[in-house]
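Values quoted throughout were computed directly from the atomic coordinates according to the rules given, and no laboratory measurement underlies them. On a predicted model such as this, the values are computed, not experimentally measured, just so you know. All Cβ positions, even for glycine, are placed from backbone atoms using ideal geometry, and neighbour counts span all protein chains on display.
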């Protein structure tokens, strides 16, 4: 009876209801017996009942197909031909219809046996209900010639049982049946869920794209870090070699105090470190923007010299990007040129101007550092300036196709470096 109850159990319940109906009939027979007998259209009442209720039940089943105790239905009452045949045809057509419906439902349920159909038991019950209703109409028509009223009574008992069980199951599941959606409502639900799924799908696409972008950025970061680590090892090695070379060159200069040697080496190391600071600030671990690097170098130099009378101007092409090795060598050359200008070009409390220019033309980069000081003095150059010139020549050799030229006259000194880049 309940939802999901197996079909066999449902059939057993229907049989139990059949027994209950017949037992109820026996009980009513005991209290309200039928003592009326009709023979030949004449009905009379007997004072005694021939058979007890139990014997009547036995006779009912033993003579289930007997037709001897009743007249043919044609002869029971006044049946006109039109009335009788209309009755018979209506019963037969009803039987055929009631018989076809359960056959269709049975084939449908059998074809979808492995599928989880909703209300499967209810459909089987409805099929039995329709089938037994059809049988009652068939035997109503048959009784016009063969009055098998006992068999018709049994069929009616079975029909009543199926009907009542179907009603109980239908009542139990009525809440769900009432809540069943119409095709229009189902389509609206489907459309709504489809819209939600599309929105979720679009959100997933966005999240996947963000994730892919994040993974790509992560891969780039890892790659950049690997390059930075390799570059760091390479730079540390080269810079240590360069520092060792500068210390060695400064130590060869006779008469230079150790403190001055230390100061000059310290300044060069700071200039080299500026490149790595810019690398950490920038997006690339291999290239440096030259105007930013030389700008930082100039600011550092002005703080060190602490001479408000000397001005430094820069005219550097933008954007002019070079790799770290080139930047370090250009920075050291620029620093040496500025140091020489500050030391030899201007007298005490004398104002002056140092210009730094850089540009790229037809694949050639040109760096120029000039001052408007007193000009080149051969005696001073021979005495102390040769160290700066030697270092600048050394740094220029590290540049591809590097050439260094130093010129000086009464209008000042000019240091020019050209190389491929």
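Counting other beta carbons within 10 Å of each residue's own, what order do 336, 286 fall into, fewest first? Numbers along the way, then the final one.
Details: 336 25, 286 14.
Ranking 336, 286 by Cβ neighbours within 10 Å, fewest first, gives 286, 336.
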>> Would region 7-170 count as rounded, prolate or oblate if I go by the C-alpha gyration tensor, calling it rounded below 1.5 in a/c and otherwise prolate when a/b exceeds b/c, oblate otherwise?
In response: oblate
> Which of the peptides 400-408, 367-375, 60-68 is most tightly packed, and how do the rest follow, going by the mean number of other Cβ atoms within 10 Å of each residue?
Replying inline: 367-375, 400-408, 60-68
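Can you sort 216, 317 by how many other beta carbons sit within 10 Å, fewest first? Let's see the in-between values first.
Working: 216 10, 317 14.
Fewest-to-most ranking of 216, 317: 216, 317.
Can you tell me which of 324-334, 353-363, 75-85, 127-137 comes out highest on packing, and rank the rest after it, using the mean Cβ neighbours within 10 Å? Please report the intermediate quantities before stating the final value.
On the way: 324-334: 24.0, 353-363: 15.3, 75-85: 11.2, 127-137: 20.6.
Final packing ranking: 324-334, 127-137, 353-363, 75-85.
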> Using 7 Å Cα-to-Cβ label points, what is the residue 302/residue 416 separation (nm, one decimal)?
Replying inline: 2.7
